[in-house]
Amino acid sequence: MKIKTAIIISSILLVNNSFAQIQNNGNIRMHTLSKVAIFGNYTNNGTFNNNLGSFYLVGSNYQTLNGSTIIQVNDLIINKSNNSIKLDNEFQVAGELTFIKGRIFSDTSDINTEFVHFLDGSSFVGSSDSSYINGVVRKTGNGEFEFPIGDNNLLRSISISTPTVVTDHFTAFYTESDPDGIYNRSLLDVGLDHVSGCEYWVLNRTGGSSNVEVTLSWDSNSCGIDNLCELQ
């Protein structure tokens, strides 16, 4: 399906063919109380922003979200009965992201172009080991935030305290692998015993100059944690 004209959406659009794809080459706008449910792929080459209502990613099909322009929704609901979602561009959430079941994947080597972007004032609920973002997340705004990221069926969040400027943003991802390829684990500050060889986070201040406090998570896969009070 290719959409080339301006369309105002106020009802539910269901695409349930496993090979179906929606391609926007024009201007789509979702109004208050509107609901759009996508079962197939979505390509955005037009304008799809300043939306209200709810955007659903559902079904058992593998889905790809891509295109030449940013996708921006108000509320996003992920409820996949099977398979996952592959993100190949920037996907902005202005309202609330609800995780029910399913994961969004993005390529961490394309950290500046492929990510879920929580805009100022946005939030999420429901993240778990079965539903999170396996890839890059960016947060803009001056509120504290927990990044719903993970890898290999593990939700492993990282949190920041409140930035001082509303336009500042931070970008993060998590990988369950040895960080030694990008950081020499033998280079330790005085007083440190070792660095985990099982996992790492990347957190970048990608906009502004705010300084924040950072909180990491840990679990049984974190390797070598036997005294919580000695963690640094």
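When R156, R205 are checked against the criterion of being among the basic types (K, R) and open to solvent by less than 50 Å² (accessible area, probe 1.4 Å), a single residue qualifies: R156.
Residue count for region 179-196, restricted to those that are farther than 19 Å from L228 by Cβ, out of contact with any strand residue (DSSP E or B) (no Cβ under 8 Å at 6 or more places or on another chain) and surrounded by 13 or more Cβ atoms within 10 Å (Cβ to Cβ): 1. Among the strands (runs of 3 or more DSSP E) confined to region 47-86, the ones with at least 1 residues that are farther than 16 Å from S34 by Cβ are located at 54-59, 63-66, 75-80. In region 186-197, the residues that are in contact (Cβ under 8 Å) with a residue 12 or more places away in the chain form Cβ pairs under 7 Å with partners that are of a type in the set (S, T, N, Q) and open to solvent by 100 Å² or more (accessible area, probe 1.4 Å), at six or more places apart or across chains, as follows: L192/Q232.
Contact map, region 45-69: first residue among the hydrophobic types (A, V, I, L, M, F, W, C), second residue open to solvent by 50 Å² or more (accessible area, probe 1.4 Å), Cβ cut-off under 7 Å, separation 6 or more or different chains; pairs are L52/H31; L52/T32; V58/F39; V58/N79; L65/D88. For region 190-230, the set of residues classified as of a type in the set (D, E, K, R) and assigned to a loop (DSSP other than H, G, I, E, B) consists of D193, E199, E213, D219, D226, listed by residue number. A search for C-beta distances below 6 Å between a residue of region 122-149 that is under 17 Å from S161 (Cβ atoms) and any residue that is modelled with pLDDT of 95 or more and charged (D, E, K, R), counting only pairs 6+ apart in sequence or on different chains, returns S123/E96; T140/D120; G141/D120; F145/K139. Of all residues in region 131-189, those that are part of a loop (DSSP other than H, G, I, E, B), at pLDDT below 95 and small (G, A, S) total 2.
The values are calculated or read from the model by the stated rules, or taken from the named source; none is laboratory data. Because the structure is a prediction, the values reported are computed rather than measured. Quick reminder, even Gly has a Cβ in these numbers, built from the backbone with ideal geometry, and neighbours come from all protein chains shown. Just the protein is used for accessible areas: all its heavy atoms, side chains included, with ligands, DNA and RNA removed. Shrake-Rupley method; radii C 1.70, N 1.55, O 1.52, S 1.80 Å.
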